[in-house]
Structure formats: structure tokens, C-alpha cells
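Quick note: the coordinates plus some simple rules give every number you see, no bench work behind them. Small disclaimer: the values here were computed from a predicted structure and weren't measured. Using ideal geometry, Cβ is built from the backbone for each residue, glycine included, and neighbour counts are taken over all protein chains shown.
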Amino acid sequence: MSDGRVFHATNGQRHVLRYTGRADYMMAPAIERFAERLFEGNGPGGLVFDLRQATMLDSTNLGLLARLASRVDQAGGQTTIVSTNDDVTDVLRSMGLAEMFQIASDDPVLHEIGAGEEIPLEPTGQRDLMKTMLEAHRVLAKIDENDSAGFRAVVEGLEAELGSAS
């Protein structure tokens with residue numbers, strides 16, 4: 001089980017999602033549901049993913065970050081990842097996510113906000129979990145040619161599983 005937690009804070013139209021601990025795939029559907037509410041109306045003017053206290057993000061969470069960044073980019077906003085953990089930063093770069101995000105060791109907005117509200121990570125059904133995992137891995141398969149074959153295999157497996165669960 002994950003020891004991860006995610007907190008949300010705002011500064012104007014910029015939203016901050018602060019991750020702590022290990023963020024695994026079981027957390028992703030709740031984060032996705034929360035983020036969907038951020039995109040209602042005009043949506044966020046920008047997103048900052050504060051990963052300074054994160055010890056690990058799995059591929060589902062990395063794909064979710066990429067999906068959210070793409071939506072912000074399409075709306076004309078900017079997404080920044082703040083990471084001071086070399087292991088986390090190395091994974092981001094190795095997966096090609098540095099092409100999608102500005103990766104920094106700090107962001108002024110982090111000094112202007114409080115701790116934020118914890119996003120409730122309520123359990124989700126198996127089908128919703130698999131859908132979140134599928135969409136996250138579809139994004140990852142498109143980002144980096146070096147990793148795409150492995151992610152395509154995950155996508156195909158999840159598609160088959162979801163198809164058989166219909």
C-alpha cells in the first residue's frame with residue numbers, strides 16, 4: 001500500500017499539487033477525479049506539481065501528470081514540476097517528460113501558499129482503476145520512443161482486460 005499523499009493549493013489561477021511519499025497507481029483515480037474538477041469552467045491557468053517530498057511516482061502517476069500537463073498546455077497555461085529528489089528528476093528526464101514540463105528545483109508560487117488541503121484518496125472500483133491506468137500508459141507510449149514498446153504492451157494488456165470485463 002502507498003504511503004503517498006497529495007495536497008492541493010491555489011494562487012490565483014495557478015494550482016499546486018504537492019505529492020509526498022510514494023505515489024502508486026492506487027492513488028491515481030482519486031487524483032484524476034479531483035483534477036477533472038479543476039478543469040471545469042475556464043480550468044487552471046497553470047499547474048505546479050511539487051514533487052520535493054515525493055519519494056517515488058509510478059508510471060500511472062507519471063502518465064497522469066503528462067495528461068494533465070497536456071490539457072493545461074492546450075488551454076494556454078504552463079505546467080511546472082518542482083523536484084529536488086535526484087532519483088525522481090532522473091526518472092522524469094529518462095521518460096522524456098522534460099520535453100513536456102519545465103522541471104525546476106523551486107517555484108515562487110510555493111513560497112506564497114500554505115500547505116493546502118489534502119486530496120481524499122478514496123478507494124475506487126477495479127474498472128475505474130484500469131481506465132486510469134490505460135489512459136496514463138497511452139500518453140507515456142506516445143512520449144518517448146525508447147520506452148514506447150513497453151508501455152504499448154501495458155496498453156494492450158489493459159485494453160484486453162477491459163474488453164473482457166465488459
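Note on the range 5-123: Rg/Rh from C-alpha atoms, Kirkwood Rh, equals 0.92.
Whole-Hz Karplus values for the range 51-67 come out as 9, 4, 9, 7, 9, 6, 10, 7, 5, 5, 5, 5, x, 5, 4, 5, 4 Hz, taken residue by residue from phi with 6.51 cos²θ - 1.76 cosθ + 1.60 and θ = phi - 60°; glycine and proline positions read x.
Full extension of the chain segment joining residue 75 with residue 160 gains 27.3 nm, where the gain is 0.36 nm per residue of separation less the Cα-Cα distance.
Close amide H pairs (under 5 Å, H built 1.01 Å from N) link residue 81 with 49, 102, 103, 104, residues at least 5 positions away or on another chain. Placing +1 on each Lys and Arg Cβ and -1 on each Asp and Glu Cβ, with no other charges, gives the range 5-123 a dipole about its Cα centre of roughly 160 debye. For residue 84 and residue 11, the difference between the fully extended length at 0.36 nm per residue and the C-alpha to C-alpha distance is 24.1 nm.
For the range 1-58, chymotrypsin sites (Phe, Trp or Tyr not before Pro) meeting the loop criterion (DSSP other than H, G, I, E, B) and having at most 14 other Cβ atoms within 10 Å: 39. Mean residue ellipticity at 222 nm, helices only, the chain: -15000 deg cm²/dmol; runs of at least 4 DSSP H residues each add -39,500 (n - 2.57), and the sum is divided by the number of residues.
Computing FRET efficiency as 1/(1 + (r/R0)^6) for residue 152 and residue 53, where r is the C-beta to C-beta distance and R0 is 25 Å, gives about 0.20.
Put a dot 7 Å past the Cα of residue 3, heading toward its Cβ, do the same for residue 126, and the two dots end up 2.9 nm apart. Please list, by residue number, every one of the GluC sites (Glu not before Pro) in the range 1-51 that is coil in DSSP and has at most 11 other beta-carbon atoms within 10 Å. Taking the range 1-51 and a limit of 11 other Cβ atoms within 10 Å, the loop GluC sites (Glu not before Pro) found are 40. Computed about the Cα centre, the dipole magnitude for the range 58-131 is approximately 440 debye when only Lys and Arg (+1) and Asp and Glu (-1) carry charge, each at its Cβ.
In the range 5-123, taking the dipole from charged Cβ atoms about the Cα centre, the farthest positive-side position among 101, 13, 25 is held by 13.
Note on residue 34 and residue 106: with the Förster distance fixed at 25 Å, the Cβ-Cβ geometry gives a FRET efficiency of about 0.55.
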